[in-house]
Each structure stands twice: as C-alpha cells, then as structure tokens.
Amino acid sequence: MTVPGNLHKTPTEPGDSPLTEPPENSLPAPPAVANHPAVQSSAQPDPVGCEPSSPLIRLEDIHFQYEGQPPLFQGLAFQLRAGEKLGIIGANGSGKTTFLLMLMGLVQPQRGMIEIFGRVRSRPGDFDDLPGKIGLLFQDSDDQLFCPTVAEDVAFGPFNQGKSVVEVRQIVRRTLAELGLEGWENRITYRLSGGEKRLVALATVLAMDPQVLLLDEPTAGLDPTASARVESILASLPQAMIIVSHDRDFLERLCHRILILREGIFFPYPKQDARS
Ligand SMILES: Nc1ncnc2c1ncn2[C@@H]1O[C@H](COP(=O)(O)OP(=O)(O)OP(=O)(O)O)[C@@H](O)[C@H]1O
Ligand SMILES: [Mg+2]
C-alpha cells in the first residue's frame, strides 16, 4: 500500500560516512529529514505517565474507511499492555497495515477513541511525540530507508533522539552486529536485496530502543537463519510490541496473545488451535 507522507528520497552516492571513520569531529550533522514518520525527534522528557497497570495503547469503537472505499474498521477495539507481545493476523487487505499506521497518526479514524501512553489522541498533531517512542517497521522497507548508506540510515533515529556521535556510533555497530550485519556500515542502501533491506530497516527501528515496537511483517523475505535471529532478538526484548505476520507458527512461539482482524474488528485467536 502507499504510505502517507512517504519521504523516501532519491539516494545519493555514499560519501564519507560519519559512523565508520573516526575521528569524531569529522562527523557531519545527521540528515535533516526531521519529519520522517519513523524517526522524528524524541529528545523531550518522557511523557509516559500512565499507571503501570493501565494499557499503553487503547482504542475504542474505531470506524475508518479510505475515501471512496468500503468501511475497513467497524467498531474496532484494542488494548496493548506493558511488556505484551501481541500478534495480529488477517487476510490480505483486512487492514493490518492501516491499523499500525493509525497508531502512529498516519491515518485518522472517522470515529472512535485512540489513547496512547495515557493520552487521548484525536488530531494529527497529537501524535507528534510518538516517533522514536514508538518504532514502526514499515511493511515496505523502501518506506523506511532513505539515506545513502546503511550506517546513516541506522544512525538517523538515534541522532534525532539527541544521542552524541560517540553513542550513535556504538549503537550503529551494536545494532548491526545483533542482526548479523557486522561491517555493513558503508553498504549502499538502495543496492541491497529485499531481505537485506528488511534487516537494515529493522535495525533502524531497534537502534532507537523505542518503548513500543510496531512490526509489520518483520520476517517477510528473510532466509531461515535471518528469520530465527530476528525471532530471538524480539523474544529477548522487554518492550511491548505488536507484530503483524502471516507466519502463524512464528507468532505462536513469540507472542503472549494473537488477534485476528476480520470484517473490521479484532477477534481473539486461540493459540492452541493455531497448528491444527
Ligand atoms: N491509501 C489508500 N487509499 C485507498 N485504499 C487503501 C489505501 N491504503 C490501503 N487501502 C486499502 O485498504 C485495505 C487494507 O489495506 P492494508 O494495507 O491495511 O491491508 P493489510 O491487512 O495490511 O494487507 P496485507 O496482508 O496484504 O499487507 C485494502 O483493501 C487496500 O487496498
Ligand atoms: Mg499489510
């Protein structure tokens, strides 16, 4: 699907990456794409003030349809709690990607209530503090990657979170290593294969260490080794996450709870029946 506000840029040839060539004072400023939906600044104090037991995300009676299209969400309700790994399955076109975009304020419901981190969000500006605190892995990696090199893409979010050059360099190296991408700093992003882009896109999200992860088909296109590595990383993370996938076994292993999106609302998916 077309992502609203896609800021994918025509890549330029990689130059002197700031993240692979010390000394630090040779580092240029981070790319000035401050309104990219996945990586906006979150250097402000943490606004999360909800009770530990209250949901991180709560939606009530959400109605939504794209212009000229039939209704997509029809009274949808949803909750995500701290530390919860929640899987979402559903047929092609059922609205899974649209649902994640809605949580970031990238599409607006016509009716209903969205509460995130204890705050009701009703207008587009109400979502401005979320990028960086909520990390969205786009279904299409080309919506996520817009810098010439891998290092610059992975560094972009942490830079916008106000991290120092030294910190960012460490984060880039560590995040790439975790994903099995050691030494990829200078690789040219737009020349990567689909699966390679998927891993780098995931690195850009993980590098921000967001409080909530929204992952739209994180293992799509990955080989078994890369897929297992991603699964093991996600399993080890303490953050709450919503994982959209068509791989039910993967969700079964990873998630505390699975929901199925069908006819505009969520139904509980019985984990014990998933393999039958
Ligand atoms: N910008 C748009 N304008 C109009 N219709 C759209 C737009 N984006 C998506 N749609 C439609 O909304 C429906 C839901 O799309 P969405 O991408 O959310 O589905 P999905 O469940 O993520 O599907 P998939 O499993 O194929 O990724 C589809 O019928 C799609 O064609
Ligand atoms: Mg989708």
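Name the residue, out of Ser193, Ser232, that is among the polar types (S, T, N, Q), out of contact with any Pro (no Cβ under 8 Å at 6 or more places or on another chain) and under 30 Å from Ala82 (Cβ atoms).
Values: Ser193 fails: under 30 Å from Ala82 (Cβ atoms).
Exactly one residue qualifies, and that residue is Ser232.
Quick one: count up the residues across the stretch 130-147 that are more than 16 Å from ligand 1 (Cβ to nearest atom) and either more than 18 Å from Ser245 (Cα to Cα) or part of a loop (DSSP other than H, G, I, E, B) (or both).
So the answer is 8.
Within the stretch 209-276, which strands (runs of 3 or more DSSP E) (wholly inside it) include 3 or more residues that are within 15 Å of ligand 2 (Cβ to nearest atom)?
Details: elements: 212-216, 240-244, 257-262, 265-268.
Ranges flagged: 212-216, 240-244, 257-262.
Can you confirm whether the stretch 141-152 contains a residue that is within 16 Å of ligand 2 (Cβ to nearest atom), among the charged types (D, E, K, R) and within 18 Å of Val200 (Cα to Cα)?
Our first condition is that a residue be within 16 Å of ligand 2 (Cβ to nearest atom); within the stretch 141-152, this holds for 141-144.
Still in the running and among the charged types (D, E, K, R): 142-143.
Those still in the list that are within 18 Å of Val200 (Cα to Cα) too: 142-143.
Among the residues of the stretch 141-152, at least one is within 16 Å of ligand 2 (Cβ to nearest atom), among the charged types (D, E, K, R) and within 18 Å of Val200 (Cα to Cα), which makes the answer yes.
Could you say whether any residue in the stretch 195-208 is modelled with pLDDT of 95 or more, in contact with a Cys (Cβ under 8 Å, 6 or more places away or on another chain) and either within 16 Å of ligand 1 (Cβ to nearest atom) or assigned to a loop (DSSP other than H, G, I, E, B) (or both)?
Scanning the stretch 195-208 turns up no residue that is modelled with pLDDT of 95 or more, in contact with a Cys (Cβ under 8 Å, 6 or more places away or on another chain) and either within 16 Å of ligand 1 (Cβ to nearest atom) or assigned to a loop (DSSP other than H, G, I, E, B) (or both).
Which residue is farthest from ligand 1 (Cβ to nearest atom), if the candidates are limited to the stretch 148-176 and must be at pLDDT 95 or above and not in a helix (DSSP H, G or I)?
Per the criteria, the residue is Ser164.
Given the criteria surrounded by fewer than 14 Cβ atoms within 10 Å (Cβ to Cβ), over 21 Å from Leu261 (Cβ atoms) and among the charged types (D, E, K, R), does Arg111 qualify? Walk me through it before giving the result.
On the way: surrounded by fewer than 14 Cβ atoms within 10 Å (Cβ to Cβ): yes; over 21 Å from Leu261 (Cβ atoms): no; among the charged types (D, E, K, R): yes.
So Arg111 fails the test.
Quick one: count up the residues across the stretch 55-75 that are of a type in the set (A, V, I, L, M, F, W, C) and away from ligand 2 (no atom under 16 Å from the Cβ). Talk me through it step by step, then tell me what you get.
Step one: filter the stretch 55-75 for residues of a type in the set (A, V, I, L, M, F, W, C), giving 56-57, 59, 62, 64, 72-73.
Narrowing further to those that are away from ligand 2 (no atom under 16 Å from the Cβ): 56-57, 59, 62.
Counting residues in the stretch 55-75 that are of a type in the set (A, V, I, L, M, F, W, C) and away from ligand 2 (no atom under 16 Å from the Cβ) gives 4.
Please pick out the residue among Val230, Val172 that is crowded, with 21+ Cβ neighbours inside 10 Å and farther than 30 Å from Arg257 by Cβ.
The conditions single out Val172.
Give the stretch 82-102 a look and list any residue that's hydrophobic (A, V, I, L, M, F, W, C) and either part of a loop (DSSP other than H, G, I, E, B) or away from ligand 1 (no atom under 12 Å from the Cβ) (or both), or say none.
Passing the criteria: Ala82, Leu86, Ala91.
Could you check how many residues of the stretch 77-108 are in contact (Cβ under 8 Å) with a residue 60 or more places away in the chain, more than 16 Å from ligand 2 (Cβ to nearest atom) and within 19 Å of Glu263 (Cα to Cα)?
Qualifying residue count for the region: 2.
The values are calculated or read from the model by the stated rules, or taken from the named source; none is laboratory data. Given the structure is predicted, the values throughout are model-derived calculations rather than measurements. Note: ideal-geometry Cβ built from the backbone for every residue, glycine included; neighbour counts use all protein chains shown.
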